[in-house]
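Taking it in order: structure first as structure tokens, then the write-up.
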């Protein structure tokens, strides 16, 4: 592996420059779909750029109608190929940045920008790992296929399209979570809640927060009818809860604003949902009807207790729940929940129980994604653990997560990197960054993994 290591070292600067180019493209998916641009023109621009970079390195690249693309190294049967699945779309920038969200600025060994850690950084690391294996002349027993999606943060329409027009390999990994190896991904369920507003109690004029259900909102604002008396009451409520909530009055309307802690719905620990803060504040101020129901059922909890679904199992851990979107006007109250559930939970029963705890609401959900599991003793898991340990020197073990990665689209797929155990998770947060030293380390780990799984 000495020659491979030498080549990896020589590619560091090129890899960083490529990542900076990719991060500067604000590839947030939009609903402005046209043929060839199903997720908007900027996402298509990002896909074109990535595939052009792949071709420049000598890989055979193909674009599938703007939905998704792939780049192949080596020859062999498509189904038997080693798949590496990453994504090029990013969540909206959100608030609270101290660095330009798409500036790709380097500070103190960290590259800042939306997508640096989720998932452009790992995608670039995988691309350059393939380049290093190619330059080292290592013979392959199977094709290596880098699959670059464009709708991971939303509806996975890219994966659906790919399975219709191309052959998805049976085995592979997705560098879109954390090390060492994630062999269990919880089930995923998205629910849309709708209810008519009530004329009783405190009247909410507007309450529109959130862009993605899988993002824990860090700020939230609601406008209600009221006067100066509500200002004082809000201050008292904020003191009782011990969190930052402010109110200001203008022309008979009071604006209530909360500051939470943003995060990712898959791992909400350490976050605080600002929507929940506002809901609980409104409840204490006298709101009735559906908003009171939501406050009671969700609040700032993420364990599902208020919805009657606080469950856990030994293998995959606890259920988590996030309200990432709320829309309130004079016509309706609408909210969206993101739920990650353990292996042993029946999703149909889950929805049934939740409905019982949301009186007055219509609850609708798309078909849940079932939990995904690959045994720890499989060849895939063991090879990846070995590559990880050889490079990092860290303990090797398989773990479970609440996140849903592209790995679950494979018959035998796991998440593998790129967050190390001692790193803070900054995906979907303000000032998202990737540690450049760890990015280089991931490139080496993935290169070693390719050799172990695809080398002759």
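All of the numbers you see were taken from the coordinates with simple rules; none came from a lab. Bear in mind that the values here come from a model prediction, so they are computed numbers and not experimental data. Positions of Cβ are generated from backbone atoms using ideal geometry, with glycine treated the same way; all protein chains shown enter the neighbour counts.
Results, tabulated for the structure shown:
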read-out: MRE, 222 nm, helices only [DSSP H, n ≥ 4, -39500 (n - 2.57), over the chain, to nearest 500]; value: -9500 deg cm²/dmol
read-out: Taking only Cα atoms of region 388-456, radius of gyration then Dmax in Å; value: 13.4, 43
read-out: Relative contact order (percent, whole number), region 188-365, Cα cutoff 8 Å, 6+ residue spacing; value: 31
read-out: Region 188-365: radius of gyration and largest Cα-Cα distance (Dmax), Å; value: 15.9, 55
read-out: For region 104-248, the Rg and Dmax computed from alpha carbons only, in angstrom; value: 24.0, 75
read-out: Contour excess over end-to-end distance, with Cα ends at residue 79 and residue 5 and 0.36 nm allotted per residue; value: 23.7 nm
read-out: Within the chain, percent of DSSP bridges classed antiparallel, to nearest 5; value: 80
read-out: 0 to 90° range, to nearest 10: angle between helix 41-56 axis and the chain longest Cα axis; value: 20
read-out: Kirkwood-based Rg to Rh ratio, region 1-132, C-alpha trace; value: 0.99
read-out: Net length gained if the chain between residue 352 and residue 312 were fully extended (0.36 nm per residue, minus Cα distance); value: 12.6 nm
read-out: Acute angle (nearest 10 degrees) that the helix 274-285 long axis makes with the longest principal axis of the chain, alpha-carbon atoms; value: 10
read-out: Relative packing of 122-130, 47-55, 329-337, which averages over residues the other C-beta atoms within 10 Å, highest first; value: 122-130, 47-55, 329-337
read-out: Ordering of 142-153, 358-369, 16-27, 171-182 by packing [mean C-beta count within 10 Å, highest first]; value: 171-182, 142-153, 16-27, 358-369
read-out: Helix 436-454 axis, angle to the chain major axis (alpha carbon atoms, nearest 10°); value: 60
read-out: Relative contact order %, region 259-349, counting alpha carbon pairs below 8 Å whose residues are six or more apart; value: 23
read-out: Segments 389-396, 274-281, 64-71 sorted - mean Cβ within 10 Å per residue, highest first; value: 274-281, 64-71, 389-396
